[in-house]
Amino acid sequence: MGKPKFYDFCVHAVPDGENTIEQLTALARYFGYSGIALANHSDKLPQSWPELPSTDEVEVFRGIELVEENPSKLHGLIGKFRKSVDVLIVHGGSEAVNRAALENPRVDILNHPAFDKSSGLNQVLAKAAAENDVAIGLTLRPLLHSRGPRRVHLLSDLRANLDLARKYDVPLVLSSDAISCFDLRSPMEVLALAEICGLEEQEALEAMTTVPERIISRNRPGPGYIREGIEVLEGGDYF
């Protein structure tokens, strides 16, 4: 078994964050990531798509984090951006938005589902996430920047959602949600923090390696792709 490839699928660069994507990419390379996704919020996009850095060590994927409180408009944004990005994230925070995201198989990840006194998920929404293969995003920045009761509340929400994800086999994605270079952490640090938050080692590892890889594979299908699990292979004997 080869060395795992680690990914951070939610980083925010200028104008949504404090650092450029080139600076974030350089630090991600130093930390040993194989790929990161530039996922600026949809209400803070530049006038045109930035040219992504090209490097042999770290692949930079084009992503977006959609921010929209109206479910109908959210579905319109999903349709607008789906073919333009490798990673499509929805910024949750209400039952209506969470439901709209988790019931739409074109969504890759739901971040920040919690609202009011709710963790944001329930049995019905967890089932929808599993059926539509929408991952629940576990983001570190809110935890790292909170203190006291606020951090306790965030940890409680995370563990409640983790229990539902385990019960219904919902995929998880661990990311920094970085808005600056100071928010990025090395893969080993992220794994350690995740275990403190209640994830098992294997769960945390998959949330940074195999689940992101599956998302990219799904959104960048090969020339013989027909549908999930079905691909036409050409050349050679396969039986």
Straight-line reach from residue 83: which lysines have Cα under 21 Å away, leaving out those fewer than 8 places along the same chain?
-> 44, 73
Any chance you could run the full-extension gain for residue 217 through residue 43? It's 0.36 nm times the residue separation minus the Cα-Cα distance, nm to one decimal.
-> 59.9 nm
The summed charge of the residue 33 Cβ neighbourhood (under 10 Å; Lys/Arg +1, Asp/Glu -1) stands at -1
The chain: equivalent-ellipsoid semi-axes (sqrt of 5 x gyration tensor eigenvalues, Cα, Å) = 25, 22, 20
Built amide H within the under 5 Å cut-off of residue 61, gap 5+ = 36, 37, 38
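Charges at C-beta only: +1 for Lys and Arg, -1 for Asp and Glu. How large is the resulting dipole of segment 7-231 about its Cα centre, in Debye rounded to 20?
Approximately 540 debye in magnitude.
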Relative contact order of the chain, pairs being alpha-carbon contacts under 8 Å that are 6 or more residues apart, as % | 19
Counting DSSP beta bridges in the chain, what percent are antiparallel, to the nearest 5?
-> 10
Most to least packed among 76-84, 176-184 [average Cβ atoms within 10 Å] | 176-184, 76-84
Direction-averaged shadow area of the convex hull around the Cα atoms of segment 1-82, nm²?
-> 6.7
Residue-ordered couplings for segment 69-80, obtained by feeding phi - 60° into the Karplus form 6.51 cos²θ - 1.76 cosθ + 1.60 and rounding to whole Hz (Gly and Pro as x), are 8, 8, x, 5, 5, 4, 4, x, 5, 4, x, 5
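Rule-based calculations on the coordinates, nothing more; no lab input. All figures in this text were calculated on a predicted structure; none of them were measured in a lab. For neighbour counting, all protein chains shown are included, and Cβ atoms are generated from backbone atoms with ideal geometry for every residue, glycine included.
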